[in-house]
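Data first, discussion second: the structure below is written as structure tokens.
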Amino acid sequence: MLSNDWIGCIFDISQYHESCCLSSKGFVKMEVDPSEIEKVLKILTATPHRIKSSTKGLDKIRLHFNSDEEPWSVNDILAHLRASADVWGKSIAAMIGQDHPTLRYMSPRTWIRKKDYPQQEFQISVAAFTKQRGELLKLLKSLSTEDWSRGATFTATAKGREQTVLSYAQRMARHEDEHCIQIQELLQGTRNNN
């Protein structure tokens, strides 16, 4: 079982770099650091475990509780993470399956409006998230180090943004880490208030 204590700010933003860039010579692949891949895989593997560990034994009322100070419940955060995993996972799969595609960026907040994730029972939702994460990890673990630099150009953003499998996986990992911490703090707050 992975501990919830080991993550948190695992990415030093000052050392973060894209694994590709656009230069005057066109799209140029950058070297991918295998230790960055390991960090990303570790966080992406841990997320479902962290959520399950934080919420073990909690009733529906606590999982759906929100307040004026924190308008998102634990269930809302999980729904948001699922929508983000849908959108970003699909983009990662497209980068792997196609040769530098042009993809239209979709916000997870737009995508969630098309899904019933916030209304789903928490345990069903966390099981679906865990299953989806297993599929993404299987895909990512099959990649060579060089494959992590496969990229895409995203439209519907500021002047087309270049991203890679690594940069999107890093984004997903940072995002999930922040929300796992949010879940822990939210639950700690509700435990202290009871």
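The figures follow:
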item: Single residue of the stretch 67-82 satisfying the filter (of a type in the set (Gly, Ala, Ser) and surrounded by fewer than 22 Cβ atoms within 10 Å (Cβ to Cβ)) that is nearest to the chain's Cα centre (by Cα); result: Ser73
item: Options Arg150, Arg161, Arg133: the member that is of a type in the set (Lys, Arg) and within 17 Å of the chain's Cα centre (by Cα); result: Arg133
item: Thr145 vs. criteria over 15 Å from the mean Cα position of the chain (by Cα), modelled with pLDDT under 95, β-branched (Val, Ile, Thr) and open to solvent by 10 Å² or more (accessible area, probe 1.4 Å); result: no
item: Odd one out for Leu58, checked against (1) open to solvent by 50 Å² or more (accessible area, probe 1.4 Å); (2) over 16 Å from His175 (Cα atoms); result: (1)
item: Failed condition for Thr153, given (1) open to solvent by less than 20 Å² (accessible area, probe 1.4 Å); (2) touching a strand residue (DSSP E or B) at 6+ places or on another chain (Cβ under 8 Å); result: (1)
item: Only listed residue being surrounded by fewer than 17 Cβ atoms within 10 Å (Cβ to Cβ), modelled with pLDDT of 95 or more and not hydrophobic (A, V, I, L, M, F, W, C), chosen from Lys159, Lys114, Lys138; result: Lys138
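The values are calculated or read from the model by the stated rules, or taken from the named source; none is laboratory data. This one's a predicted model, so the numbers in the text were calculated from it and none came from an experiment. Positions of Cβ are generated from backbone atoms using ideal geometry, with glycine treated the same way; all protein chains shown enter the neighbour counts. Heavy atoms of the whole protein, side chains included, go into the accessibility calculation; ligands, DNA and RNA do not. Shrake-Rupley method; radii C 1.70, N 1.55, O 1.52, S 1.80 Å.
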